[in-house]
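Just so it is clear, none of the values below were taken in a lab; they were calculated from the coordinates. Since this is a predicted model, take the numbers as computed values, not measurements. Methodologically, a virtual Cβ is constructed for each residue, glycine included, from the backbone with ideal geometry; neighbour enumeration extends over all protein chains shown.
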Amino acid sequence: MTIGRWVRGSMALAVLLAQPVTAFAQAAPPRAPAAPATRSLPAIEAMVKTYVSDKKVPGMVVVVGGPSWTSAHAAGRTAVEAGAPAANIDTLWRVYSMTKPITGMAAMMLVEDGRLKLDQPISDFIPAFKTMKVLTDPDNSLASRPATKPITVRNLLTHTAGLGYTIVTKGPLLKEYERLGIVPAAVNMQAEAAMAKARPKSLEEFANRVATLPLIAEPGTKWSYSIGLDVLGRVIEVASGMSFEQFLQKRMFGPLGMTSTYWQVPESQKARLVTNYAWAGDTLLPLDLAATSVWLQRPSFPYGGAGLAMSARDYDRFLHMLQNGGTLAAKRVMKAETVALAMSNLLPAGVTFGGVDGATGGQAGPKMGFGAGGSVYLETLPGRPGKGTYGWGGAAGTVAFVDPVRQMRGTVMVNYFPADRFPLREDLVKALASDLAGAR
């Protein structure tokens, strides 16, 4: 998911990081060691070990689960140094755009509550979006005309609001995004020193600034990767009557036992955080050292599109809940029909999704739609995930999916830029298909 031109410029240099500030979040004790695998997946195990032994990654964790089993696989370390801690199911990773499905499901909880409607204008919650404009010559100017449609909750969920993103937007509008600090992501302390100066200091201020800028397209007419899920965080705040962080903690993280999910990694837990790397040619360079990571400091506001650091265990709990139709360990956080709706194709009529650049961590493929913050397969193809499979990835290589028909889920944790340096998603699909075929 979410890196920009400010990341690309740093990928050719080793980064010197500043000292971290004291973490404000409450520390959570490390989770218990991972339980033994409940099912043998030799191809997945071999893939994980090979990625490490071939020095593609310093460490990797993969968690795969079926209707009644969970299998965790880990290899390597949290950094290239020989003395770094071993990677395991409780190691902390920057999941970047894999935050988006979590934000999407939070919004769907409010749809279930009756506090949001999919086709409700977001100006009901953020009045600044009442009157929007659309660019008429986006490549050359900020000239615009009045929009004829309002931005809706559905539009934010599915990247059809006409909003931009610094990782894909070009021309004069990109310069305006950068000038106003519309860059909801963290990379490292060096980049943060510049971005934090311009960035808004709250979700409210962020959303109101976004509303002052013209759209790249009429709402509901085009799929374009965007900051929609970040703006949705503010909608969730207003609709729920509590902060975005509080809502997620109360309705999702707490009930699901996701105790290693952070907007800011506590100082006491930084030994569990991996170092993030960047590939410059064939050289792997440290981009954000764990010991001095930008993720140890409080973000300007919670980035609903790219802001979480978390463990494979926690992300698997989120996916397991979706796989189960809204429940986990006898606790229901969403109705089954809400989960099914969220993982269905929610694109406005006439809009299609053709995929995104693999470097963003997003998904691409034939016959795909888009649900609440993640892509959806519209048909089953040979050697591919089944129809209805929902998921997304992150800019630092992470991958997540839920296949509700085959009752399968999977999480892959790595941390390096760019996400498409290796065909990790394809390797995962092939390895899992091999393991499932061998079990028949």
Practice prompt. Return the Rg/Rh value of the chain, two decimal places, where both radii are evaluated on C-alpha atoms and Rh is the Kirkwood radius.
Written response: 0.94
Worksheet item: What do you get for Rg/Rh of segment 267-420 when both radii come from the Cα atoms and Rh is the Kirkwood radius?
Response: 1.00
Item to complete: Tell me the label-point distance for the pair residue 149, residue 291, using the 7 Å Cα-to-Cβ offset, in nm and rounded to one decimal.
Response: 5.3
Practice prompt. Normalising by the residue count of the chain, find the relative contact order in percent from Cα pairs under 8 Å and 6+ residues apart.
Written response: 24
Worksheet entry | Fully extended contour minus Cα-Cα distance, from residue 246 to residue 204, at 0.36 nm per residue | 13.6 nm
Worksheet item: Once Rh for segment 95-198 is found with the Kirkwood sum over Cα pairs, what is the Stokes-Einstein diffusion coefficient at 4 °C and 1.567 mPa s, in µm²/s?
Response: 82
Worksheet item: Amide H to amide H under 5 Å from residue 376: which residues, 5+ apart in sequence or cross-chain, H placed 1.01 Å off N in plane?
Response: 369, 370, 371
Fill in: Per-residue ³J(HN,Hα) for segment 419-427, Karplus 6.51 cos²θ - 1.76 cosθ + 1.60, θ = phi - 60°, Hz, x for Gly and Pro
4, 9, 4, 10, x, 4, 4, 5, 5
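Would you kindly state how much longer the chain becomes between residue 38 and residue 123 on full extension, computed as 0.36 nm times their sequence separation minus their alpha carbon distance, in nm to one decimal?
This chain segment gains 25.7 nm when fully extended.
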Item to complete: Search the structure for amide H atoms under 5 Å from the amide H of residue 409, placed 1.01 Å from N in the peptide plane, and list their residues when 5 or more places away or on another chain.
Response: 65, 403
Discussion item. Give me the base-10 log of I(q)/I(0) for segment 147-237 at each q in 0.11, 0.26 Å⁻¹, Debye formula, one uniform scatterer per Cα, rounded to two decimals.
Written reply: -0.29, -1.47
Worksheet entry | Estimated translational D of segment 233-356 in µm²/s (Stokes, Kirkwood radius over Cα pairs; 25 °C; 0.890 mPa s) | 144
Response to the item:
Karplus-derived 3J(HN,Hα) from phi for segment 343-356 (6.51 cos²θ - 1.76 cosθ + 1.60, θ = phi - 60°), whole Hz, x at Gly and Pro, runs 9, 9, 6, 9, 4, x, 3, x, 9, 10, 10, x, x, 9
